[in-house]
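Input: a single structure, listed below in structure tokens.
FYI, it's all coordinate maths here, none of it is from the lab. Since we're looking at a predicted model, the values are computed, not measured. Positions of Cβ are generated from backbone atoms using ideal geometry, with glycine treated the same way; all protein chains shown enter the neighbour counts.
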Amino acid sequence: MNTTEHGVTDQMISAYLDGALDEGEARMVERAAEDDPRLARRLAQMVRNDRMLRRHFQSLAREPVPEAINALLEPSPEIARPWWRKLATSASGWAALPAPLQMAGAVAALAVVGIGVWTFLEQGLGPSAGRHDSVVARALPSTNADLSGLLDRQASGEAVAFGDGALAIVDMSFEHAQGRYCRQYRVAPGAESPSFAAVACRFDGNWHEVLVERIDAAIGESGHFHAASGPGSALIDGYILEHMSGDVIVGDSEASLIREDWSKP
Amino acid sequence: MNLGEEQLKRAISEHLEPLRRFSAALTGSAADGDDLAQGTVERLLEKGVPRDATFAAWMYRVCRNLWIDEFRKHARMTTPGQEGLERRMDHHDGERAAMTMMRMGEVGAAMQRLEIDQREVLALVAIEECSYREAAEILDIPIGTVMSRLARARKRLVEMT
């Protein structure tokens, strides 16, 4: 097993990506990445590779289902099949719902934490977008103080509880190709409401959510989120892959940006 | 068997996308992946799911075992080679989105050059986002082995891409 001069092993780096290190080990990896540009690049490449793999195979899995498989799963003829069951079968996941419904669901989730007024526009994600990945949510500046505070001040990888009981975490910070700082985060409003993942970018002095996606589960079994990826958030993965410029911002670099209120140098 | 046939069909239908994604990740192509997914569906319908099993974990386990037992020995898996990558490169301009598409295909192809044991761990943890414990149970290996194989897989992918 290779070990860097900072005592960080390949296995620690890999476990860091999965949010499987304890606090002390995670900070050790981040400090090492700060001190060693090669390690930082390797970390960023691993983050990218994971996201690319998810997106690549997700796109393959969303090709039309072969007739042979559909035939196997057809209900037995003697059993009446309610119309809604057919719908549930053909739209087996959130992302398979018609786009307007997806975003309506996202708005409902966001309303729980009180983000405020949202407007949406349909916009392709480019040729890599799957047929269900065609909606980008464009938000007005966030009016939710908890959320703005989270994005302003919280380091990546540390879950925080909002006053209304919602649990939130920033997964990662990155620089957008357009020169803005952006952060990916997730919010679990509670048992009654769906969780969502989102990307917000800092410009004009505020955080603006540029993409929102409902996700099935926001918190891993350990009670922590993944450090640099989100469960089942194909839209988010695609957005970051297409727009991230440079490395993932971690450790002291991120802390410095937090101190400087995310201002550009 | 815990689930009746109709319940089982519904459960499979609800998990069809993860099954097809996992199958594609193991085999490296949509077509071979769907063959594997179809075989898994047939096996699940034939054998059922044990009463105490988590459906998704059992489905992944059946799929992986089928892949190991049958598809691998018949050598029907496609490994996109350098030729395929170069062809894809020719067909894309230098725009960011097209580059992302190309890179995605490149990373997907690189995954198919990993050792089998590394590939299946990577598919479960990095793509299906199973926990280490879930992956260990599906593959019937210790958690430490999951972690070491995963680390090697990610390192190799960086070296190849």
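Here are some notes:
- Gain upon complete extension [A:ASP35, A:ALA255; 0.36 nm per residue less C-alpha separation]: 77.8 nm
- Each residue, A:GLU23 and A:VAL160, gets one label point 7 Å from its Cα in the Cβ direction; the gap between the two is 1.5 nm.
- This ranking places B:GLU42, B:GLU106 by how few other beta-carbon atoms lie within 10 Å of each, fewest first, which gives B:GLU42, B:GLU106.
- Label-point gap, in nm, between B:ASP117 and B:ILE141 - each point 7 angstrom along Cα→Cβ: 0.5
- Segment B:99-161, relative contact order [Cα under 8 Å, separation at least 6], %: 41
- Between A:HIS6 and A:ALA145, the FRET efficiency estimated from the beta carbon spacing at R0 = 45 angstrom works out to 0.75.
- Estimated FRET transfer efficiency when R0 is 22 angstrom, pair A:ASN70-B:GLU6 (beta carbons, to 0.05): 0.90
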